[in-house]
1. Would you pick out the residues in segment A:71-114 that are within 23 Å of A:Ala14 (Cα to Cα), under 9 Å from the mean Cα position of the chain (by Cα) and within 14 Å of chain B (Cβ to nearest Cβ)?
2. Select from segment A:62-83 the residues that are surrounded by fewer than 18 Cβ atoms within 10 Å (Cβ to Cβ) and either touching a residue at least 24 places away in the same chain (Cβ under 8 Å) or among the hydroxyl-bearing types (Ser, Thr, Tyr) (or both) and write down the one among them that is nearest to B:Pro40 (Cα to Cα).
3. Name the pairs whose Cβ atoms lie under 7 Å apart, with the first residue in segment B:76-99 and basic (Lys, Arg), the second not in a loop (DSSP other than H, G, I, E, B), and 6 or more positions between them or separate chains?
4. Among the residues of segment B:91-103, which ones are buried (at least 21 other Cβ atoms within 10 Å of the Cβ) and assigned to a strand (DSSP E or B)?
5. Among B:Glu88, B:Glu64, B:Glu71, which is in contact with a strand residue (DSSP E or B) (Cβ under 8 Å, 6 or more places away or on another chain) and within 14 Å of chain A (Cβ to nearest Cβ)?
6. Could you look through segment B:36-47, keep only residues that are facing chain A (nearest Cβ under 10 Å), closer than 23 Å to B:Tyr96 by Cβ and not hydroxyl-bearing (Ser, Thr, Tyr), and pick out the one that is surrounded by the most Cβ atoms within 10 Å (Cβ to Cβ)?
7. Where in segment A:32-114 are there strands (runs of 3 or more DSSP E), lying wholly inside it, with at least 3 residues that are closer than 23 Å to B:Cys91 by Cα?
8. Restricting attention to segment A:8-19, which residues are loosely packed, with under 13 Cβ neighbours inside 10 Å and either modelled with pLDDT under 95 or outside any loop (DSSP other than H, G, I, E, B) (or both)?
Amino acid sequence: DSGVTQTPKHLITATGQRVTLRCSPRSGDLSVYWYQQSLDQGLQFLIQYYNGEERAKGNILERFSAQQFPDLHSDLNLSSLELGDSALYFCASSVSGLGQETQYFGPGTRLLVL
Amino acid sequence: AQSVTQLGSHVSVSEGALVLLRCNYSSSVPPYLFWYVQYPNQGLQLLLKYTSAATLVKGINGFEAEFKKSETSFHLTKPSAHMSDAAEYFCAVSFYNQGGKLIFGQGTELSVKP
């Protein structure tokens, strides 16, 4: 158990819908990361937050957005969903959000868009 | 452009045989290098990392990796494979000036035959 929790574990929805994925980091970690894992693209970095502020951004679609709240949990919002958004979404956390730190990964949320 | 290449999407070894998983990176600045393992239906777990200290890095479960700057490589080895090593292995790179963003290779699925 990494100490990172993600909800829900599974999500099935329809094209055009909007969903929210939630992540709670390990106790003491200030930085949260979101990654997407799909068969086509592999593991892709989406976005990083540190103590409520955006720190780094990857190839995150404009239909996707994220935020980190004062209690340090983070939401990833996916809207106008398309079939191609079906993937495993991972959240990870680390202490200070620096490049050399170990990132601890949650179990993921599996999203299926029908 | 910064990238990570893992040679071989599938590697099969016999139990007790040497495990060698290859990783090469492309970068113009010094990297931090990581190996993560993913067991079925689970998140990623850190095996080991290189952060500019010793070039030979020892990790969990008997794995080790050597950073070779001249070859831009960070290959993962284990002297004797165990059935429980069957999983997907990801090499990843990050940099000091990019927050904690991890760039992953495509992954190598390791099978261990009895």
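1. Residues satisfying the conditions are A:Tyr89, A:Phe90, A:Cys91, A:Gly108, A:Thr109.
2. A:Leu83
3. Matching pairs, first to second residue: B:Lys78/B:Val19; B:Lys78/B:Gly62; B:Lys78/B:Asp85.
4. Residues satisfying the conditions are B:Cys91, B:Ala92, B:Val93, B:Ser94, B:Gly100, B:Ile103.
5. Exactly one residue qualifies, and that residue is B:Glu88.
6. B:Leu44
7. A:42-50, A:53-57, A:87-94
8. If the condition is that a residue be loosely packed, with under 13 Cβ neighbours inside 10 Å and either modelled with pLDDT under 95 or outside any loop (DSSP other than H, G, I, E, B) (or both), then A:His10, A:Ile12 are the ones that fit.
The values are calculated or read from the model by the stated rules, or taken from the named source; none is laboratory data. Since the model is a prediction, treat every value here as computed from it, not as a measurement. Please note: Cβ atoms are built from the backbone with ideal geometry, for glycine as well, and neighbour counts cover all protein chains shown.
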